[in-house]
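Here the structure is laid out as structure tokens; the discussion comes afterwards.
The values are calculated or read from the model by the stated rules, or taken from the named source; none is laboratory data. Since we're looking at a predicted model, the values are computed, not measured. Every residue, glycine as well, gets a Cβ built from its backbone with ideal geometry; the counts of neighbours run over all protein chains shown.
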Amino acid sequence: MTIDIFHMLSEESKKRKARRKELLKTIGVKEYFSEGRIEIDNKICQGIECKLCIKACPTNALYWSYGRVNLVEDLCIYCAACVLSCIVDNCIKVMRKRIDGRVESFSKPSEAVKLLQTISSGKRVTLVSRVFRR
């Protein structure tokens, strides 16, 4: 009997994506990123003293347990709220891939703000060009 490990992994990935989609739909959250990853450096995290990232998370993907900040990966939408609220630079690193294929990575509030401003500026330019089209 032959076992195709790649097929098994592919099927598991599909099931996980379907579960994630269902979870996000139940809490009414739209997904803007095709994939992503979040890393929390618990060596420099000041979580016990602030827990700001946990409070800022719109999907409750971050939680406090066993003396550290933990993550429910299926609930994380890679929105940057945790990085924006974190008091320690490079404590939380978010890497995300937009549906159009652009990859974004940031770990400091200033980087997240700059990225969000760039996105907003692009949207404004597009809107103005549509309105004043000749």
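A few notes on this one:
- Residues that are at pLDDT 80 or above and either closer than 18 Å to MET95 by Cα or among the small types (Gly, Ala, Ser) (or both), drawn from segment 19-44: PHE33, GLU35, GLY36, ARG37, ILE38, GLU39, ILE40, ASP41, ASN42
- Check on SER10, polar (S, T, N, Q) and either under 25 Å from ILE119 (Cα atoms) or within 15 Å of the chain's Cα centre (by Cα) (or both): no
- Segment 78-112 - residue that is of a type in the set (S, T, N, Q) and not in a loop (DSSP other than H, G, I, E, B) and, of those, nearest to PRO58 (Cα to Cα): SER85
- The lone exception for GLU111 - which of (1) modelled with pLDDT of 90 or more; (2) under 30 Å from GLU22 (Cα atoms); (3) surrounded by 13 or more Cβ atoms within 10 Å (Cβ to Cβ) it fails: (2)
- Criterion: surrounded by fewer than 12 Cβ atoms within 10 Å (Cβ to Cβ) and out of contact with any helix residue (DSSP H, G or I) (no Cβ under 6 Å at 6 or more places or on another chain) - qualifying residue of LEU116, LEU127: LEU127
- Test: residue in segment 118-128 that is among the basic types (Lys, Arg) and not in a helix (DSSP H, G or I): no
- Extreme residue, surrounded by the most Cβ atoms within 10 Å (Cβ to Cβ), among residues of segment 21-73 that are of a type in the set (Gly, Ala, Ser) and over 20 Å from LYS97 (Cβ atoms): GLY47
- Hits in segment 43-65 (condition: within 24 Å of ARG16 (Cβ to Cβ) and either aliphatic (A, V, I, L, M) or over 18 Å from the mean Cα position of the chain (by Cα) (or both)): ILE54, ALA61, LEU62, SER65
- Of residues in segment 87-108 being closer than 15 Å to GLU39 by Cα and either at pLDDT below 90 or of a type in the set (Val, Ile, Thr) (or both), the one surrounded by the fewest Cβ atoms within 10 Å (Cβ to Cβ): VAL88
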